[in-house]
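Colleague: One structure, pasted below without further comment.
The values are calculated or read from the model by the stated rules, or taken from the named source; none is laboratory data. Computed from a predicted model, the values in this text were never measured in an experiment. So basically every Cβ, Gly included, is an ideal-geometry build from the backbone, and we count neighbours across all protein chains shown. Remember, those area values only see protein heavy atoms, side chains included, never the ligands or the DNA or RNA. Shrake-Rupley method; radii C 1.70, N 1.55, O 1.52, S 1.80 Å.
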Amino acid sequence: MILTVGNIFAIFAAALLNKLGDAFPKLTGDGKTIIRGAEENDLADEDYTPTLGDVASGLLIALGAYSVGLLFSNVLLPEIFGFPIHELAYMVIFVVILCALGVVPLNVRMGAKRLQSFFTKHLTLLIMVGVGVDLDLNELLAAVTLPNIVVALFIIVGAVLGSGAVGYLVGFYPIDTAVTAGLCMANRGGSGDLAVLGAANRMGLMAYAQLSSRLGGAIILVIASVLFSILL
């Protein structure tokens, strides 16, 4: 139940970080990347206008990456150190590998980018409504206690400050890393990612948020298991 309270704090924190980015533009990027200076490469790609075939190719790449994620999650490597890994985490890793190798042509990348822009611009409201429908108000009211509020608040503050500071040291924008690596780690997972990124006006960072939620969540489970076995 405390996760519900933490998710609400994460949404409010995302909105505040968005306002902070508007006030101090040097602390944030363009809402599509978390790496400082990467916008210059994006501007170079903007000269190409993707065709309908490019968009279809981008969709096929996305479906192929998701299929690979399903294959690893259900058959090849469903668990790491005893903990299940979500198919979306594998999907993001596979896409990152493709990008790092540079095997995806420019036209396909721009087609995938156009497809992403369509979903984030025109379907975000529908997705947010779908996320809000399953909110259990009784569960929320039961979770609103002083200890839960204090713990959740400190977790959110620590996640924002820690991820933002470390992100800046390794060459990322602190606000964007605070939203993805910090808040998307402390929310309710996939539905929480949508709410946090929507509040932060950074739906273009969904891939980073999913990586934080899925792989980061598994890492937290491993750390928690070790600590609980020692302390308890």
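Colleague: Could you list all residues from segment 38-92 that are in a loop (DSSP other than H, G, I, E, B), at pLDDT below 85 and open to solvent by 40 Å² or more (accessible area, probe 1.4 Å)?
Modeller: 46, 47, 48, 49, 77, 78, 81, 82, 86
Colleague: Next question, about the same structure. Would you confirm whether or not segment 142-157 contains a residue that is more than 15 Å from residue 9 (Cα to Cα) and under 20 Å from the mean Cα position of the chain (by Cα)?
Modeller: no
Colleague: Applying the selection to segment 1-24, what residues are open to solvent by less than 90 Å² (accessible area, probe 1.4 Å) and either small (Gly, Ala, Ser) or under 23 Å from residue 172 (Cβ atoms) (or both)?
Modeller: 6, 9, 10, 11, 13, 14, 15, 17, 18, 20, 21, 23
Conditions (1) among the aliphatic types (A, V, I, L, M); (2) at pLDDT 80 or above, marked per residue:
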| residue | (1), (2) |
| --- | --- |
| 189 | no, no |
| 193 | no, yes |
| 203 | yes, yes |
| 207 | yes, no |
| 211 | yes, no |
| 224 | yes, no |
| 227 | yes, no |
| 230 | yes, no |
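Colleague: Go through (1) farther than 30 Å from residue 223 by Cβ; (2) open to solvent by less than 40 Å² (accessible area, probe 1.4 Å); (3) touching a residue at least 12 places away in the same chain (Cβ under 8 Å) and name the single condition residue 98 misses.
Modeller: Of everything listed in (1) farther than 30 Å from residue 223 by Cβ; (2) open to solvent by less than 40 Å² (accessible area, probe 1.4 Å); (3) touching a residue at least 12 places away in the same chain (Cβ under 8 Å), residue 98 misses just condition (1).
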